[in-house]
Amino acid sequence: MAIEIKMPALSPTMTEGRLSRWLVKQGDEIKSGDLLAEIETDKATMEVEAVDEGVVTEILVAEGTDNIAVGSVIARLSGDDDTENNTADAAADNSDASSEAPAALQVAEAAPQAPAVPAAPVVAQIAEELDWDGPTKTMTVREALRDAMAEEMRDDERVFVMGEEVAEYQGAYKVTQGLLDEFSDKRVIDTPITEHGFAGLGVGAAFGELRPIIEFMTFNFSMQAIDHIINSAAKTLYMSGGQMGCPIVFRGPNGAASRVAAQHSQCYASWYAHCPGLKVVSPWSAADAKGLLKSAIRDPNPVIFLENEVMYGQSFEVPDHDDWTVPIGKAKVVREGTDVTITAFSIMVGRALEAAEALAQQGISAEVIDLRTIRPLDVETITASVRKTNHLVCTEEGFPFAGVSSEIAMQIMEHCFDYLDAPVERVTGKDVPMPYAENLEKLALPQVDEILQAVHKACYREGGR
Amino acid sequence: MAPKTAKTAQKRGRPPKALKNAKTLKNDVPETDVLTSLYHDMLLIRRFEEKAGQLYGMGEIGGFCHLYIGQEAVVVGLQSVAEEGDSVVTSYRDHGHMLACGMEAAGVMAELTGREGGYSKGKGGSMHMFSREKNFYGGHGIVAAQVPIGAGLAFAHKYKGDGKVNMAYLGDGAVNQGQVYETFNMAALWDLPVIFVIENNQYGMGTSVNRAAAGLDLCDRGKGYGIPGMQVDGMDVLAVRAAGEIALEHCRSGKGPYILEMKTYRYRGHSMSDPAKYRTREEVDSMRKQHDPIDQLKEMLLREGVDEAALKELDKQVKQVVTGATDFALSSPLPHEDELYTDILVENA
Ligand SMILES: Cc1ncc(C[n+]2csc(CCOP(=O)(O)OP(=O)(O)O)c2C)c(N)n1
Ligand SMILES: [Mg+2]
């Protein structure tokens, strides 16, 4: 049976090529692996090896021929019986060979075809939040985070905490205080200064069905590890066709602290929120910090949990409940109002509330939304508010370009443009690396005054920029 | 974990002669049926990869496609001494590893052709396939990313106390990445049961190992961490097996990580679009003619009295599997467009 040798594609983009030289001639006997010809692509000259075995019966394209289309027949071999199953078009000849396919992978014979309508992204179901009017305890954000981890570690043997100084030192910011004593060094693990390594190790442990909590001393150092966060953690479920998710929490302080300058003061909310396959959470209050961290640890997906160093010491009321959780993906209206909506997350919620208080004095009723989760963004809560107030000011500590606020503005245009009485305003960190000088740092960070100005502008009040 | 005080004196990373030691330790030639199955497994990879190369030429496989031809003895030898439940992780040059882990040729081939029947529903491609069932954890496109992941899988083995070992395969180019040393340190510090298998095929893309790697032999790269290393003739499947037994026994008995440097060779270009002009045809030919792992084993089988016709029959069976896989890979439909938005997050958890 004759075997056709076709012009091969030798690069992802090659459509045709030049046959520069034949390395065999008619009558030659060919073994698999023998060189057949030299072919010149748009990028390089490559040697082509034989896959099939047999005797060259015909050479159909002369040396030096240009523009030979990929797939056209360039030579023929005579095959013996042994090689019949190995020809390029054996697929067509061999109708019952598909029984070789594993049962699990058997698919009904069907021509490859592309269905017509691409689906919209699936909208995740979000659990309802418990409405708590029971007793509460006063605690700091730091304690709330620690308690969340301790409770989940008591509940689930698979949960462990790993990071720099999390164990013996009790946490660089004391967030893991007491965990080593209670859970031993099997589950509270000090790492070398090895972010890329231990983030990747955490991903592997999650693949191995553990539930890692990977602490970055601050999120600035997560840039060392961002490859594992994005390429290994976020994409694996997709790349494995849904077989293998990565249940992991990357947590630590994010954003500006105080005077630690450019390399240690950056908000990563929009960086990580940009990437499909991650959830990004950034709480403000202690109750949310606790409830969201517990949800993050239980979530089957990689969750980026952005804390804030300045917030660690602040106290809030936290439900006195033995399993307080807050659903990921749900924003919270922290102050109701009718004239303007202000969105914020993390430390900016406090500033937005302060601004709302000042605005009330001026007769402007501001509604403040704590986003709590950046991705998936709770567009519904924001649009419901904008439909009521018709004005929107977005705030964040991060850089303005391609920031969380830009995304919210776009979402609002897509969902309720007609309800806006004025363009959306944003108040963000300035578009500069964080300066060290006290005065300059203050200028770089978004302040309450700027929120007031932005609201005035959005509401066409005096004092608007 | 308790800080390490005194680590038992580690064997020095051994020069190539150590390979002879490894061999003499377990010198007996395995039973014929073991040899035959090694032959079968290597041949399956060889034929599978040849077919993949051909399908690439036909435009049925796109993007990057890194063939394993020439290196078959490494993964086949090691996986032949691994235990059910030991985990494996590797780079983008992963087709051979998947077959050696027992994944179905059809599912792998269909992933290469980007079809619904592929291991990742066509969404991962040549470099990104996984099988939890076969303890194969990828298929990673970023050079060396699989190394800490392997240590993490080993961490999980140890944590769960399941007695299993991870094999993390990496290239001679990958071995220069920083995260490899971060991982060596942690793996040694915590006695993780992981074998770092350096597949030294002499080139990282177009850069020969001596243009990229300073210092000692790659098997000695763990010296500073007290990780024992051994250099092995990776073209000799029996040498690979013997070394694998030593390393596995070391890891399983709780002594921590082990490094195996497999001296091997890839016959084809780095990927399908690599004209491989950085080496001579003579170099490739001499490796093929004098060191081919399959030819070497075939000669041994014949010496052991296995009849040539039996090997021909085996050859035929392997071809049939590859043909069946190819048929499946070409007839399985493209993934449904709805899949574009699936598997991004686990829903309704
Ligand atoms: C971090 C990173 N840098 C560069 C590349 C591009 N790249 C892919 S493979 C490769 C060479 C790796 O060589 P080696 O580790 O020896 O493995 P081999 O391909 O020989 O199996 C390079 C540079 C990459 N994928 N990831
Ligand atoms: Mg290499």
**OP:** Return the percentage of antiparallel bridges among DSSP beta bridges fully within the protein assembly as shown, rounded to the nearest 5 %.
**Re:** 40 percent
Original post:
Expressed as a whole number of Å, what is the distance separating the alpha-carbon centroids of segment B:147-222 and segment A:203-248?
Top reply: 19 Å
Original post:
Expressed as a rounded percentage, what relative contact order does chain B have, with Cα pairs under 8 Å and six or more residues apart?
Top reply: 25 percent
**OP:** Please work out the ratio of the alpha-carbon Rg of segment B:67-157 to 2.2 N^0.38 Å and round it to two decimals.
**Re:** 1.02
Original post:
For A:Gln177, what charge total do you get from the other residues with a beta carbon under 12 Å from its beta carbon, if Lys and Arg give +1 and Asp and Glu give -1?
Top reply: -3
Subject >> Percent of Cα-Cα distances greater than 11 Å, calculated over segment A:153-201 >> reply: 65 percent
Original post:
For the charge dipole of segment B:220-349, defined by +1 on Lys and Arg C-beta atoms and -1 on Asp and Glu C-beta atoms about the Cα centroid, which residue among B:Gly234, B:Gln320, B:Leu301 has the Cα displaced farthest towards the positive pole?
Top reply: B:Gly234
Original post:
So what is the diffusion coefficient of segment A:130-215 in µm² per second by Stokes-Einstein at 25 °C and 0.890 mPa s, using a Kirkwood Rh over Cα pairs?
Top reply: 179 µm²/s
**OP:** Evaluate segment B:120-236: find the radius of gyration of its Cα atoms, find its Kirkwood radius, and give the ratio Rg to Rh.
**Re:** 0.97
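Above 17 angstrom, tally the Cα pairs of segment A:338-409 and express them as a % of all pairs, no decimals.
Summing the P(r) of segment A:338-409 above 17 Å gives 40 percent of all pairs.
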**OP:** Could you pull out the trypsin sites (Lys or Arg not before Pro) across segment A:190-283 that fall in loop regions by DSSP (anything but H, G, I, E, B) with no more than 16 other Cβ atoms inside 10 Å?
**Re:** A:Arg259
Original post:
What are the radius of gyration and Dmax of segment A:332-458, computed over its Cα atoms and given in Å?
Top reply: 13.7, 44
**OP:** Could you pull out the GluC sites (Glu not before Pro) across segment B:52-140 that fall in loop regions by DSSP (anything but H, G, I, E, B) with no more than 15 other Cβ atoms inside 10 Å?
**Re:** B:Glu83, B:Glu84, B:Glu133
Subject >> Cα-centred dipole magnitude for the protein assembly as shown, charges only on beta-carbon of K, R (+1) and D, E (-1), debye, nearest 20 >> reply: 2380 debye
Original post:
Over the alpha carbons of the protein assembly as shown, what is the largest minus smallest coordinate on each principal axis, giving the biggest first in Å?
Top reply: 97, 64, 47
Original post:
So how far apart, in nm, are the two label points at A:Leu443 and A:Glu414 if each is 7 Å from Cα heading toward Cβ?
Top reply: 3.7 nm
Original post:
Once a ≥ b ≥ c are taken as the square roots of the eigenvalues of the Cα gyration tensor of segment A:136-319, is the result rounded (a/c under 1.5), prolate (a/b larger than b/c) or oblate (a/b not larger than b/c)?
Top reply: rounded
Original post:
Based on Cβ point charges of +1 for Lys and Arg and -1 for Asp and Glu, what charge dipole magnitude is obtained for segment A:341-384 about its Cα centre, in debye rounded to the nearest 20?
Top reply: 140 debye
Subject >> Computed log₁₀ I(q)/I(0) - Debye formula, equal Cα scatterers, no solvent, chain B, q 0.09 Å⁻¹ >> reply: -0.48
Original post:
What are the principal axis extents of the Cα atoms in segment B:279-349, in Å, biggest first?
Top reply: 60, 36, 27
**OP:** Would you be so kind as to identify which of A:Gln170, A:Phe160, A:Leu180 lies farthest towards the positive end of the dipole of segment A:148-213, taking Lys and Arg as +1 and Asp and Glu as -1 on Cβ and the Cα centre as origin?
**Re:** A:Phe160
**OP:** Write down the radius of gyration of segment B:174-224 and its Dmax, each obtained from C-alpha positions, in Å.
**Re:** 11.8, 36
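How large is the convex hull of the Cα atoms of chain A per residue, expressed in Å³ as a whole number?
224 Å³
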Subject >> Binned Cα-Cα distance frequencies in segment A:207-268 - 10 Å width, integer % >> reply: 21, 43, 25, 10, 1
**OP:** Within segment A:1-32, list the trypsin sites (Lys or Arg not before Pro) lying in a DSSP loop whose Cβ has at most 15 other Cβ atoms in a 10 Å radius.
**Re:** A:Lys25, A:Lys31
**OP:** Using amide H atoms built 1.01 Å from N in the peptide plane, name the residues 5+ places from B:Ser87, or on other chains, whose amide H lies under 5 Å from its own.
**Re:** B:Val165, B:Asn166, B:Met167
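No value in this document is a laboratory result; all are computed from the given coordinates. These numbers were taken from a predicted model, which means no experiment stands behind them. Cβ coordinates were reconstructed from backbone atoms using ideal geometry, including for glycine residues, and neighbour counts include every protein chain displayed.
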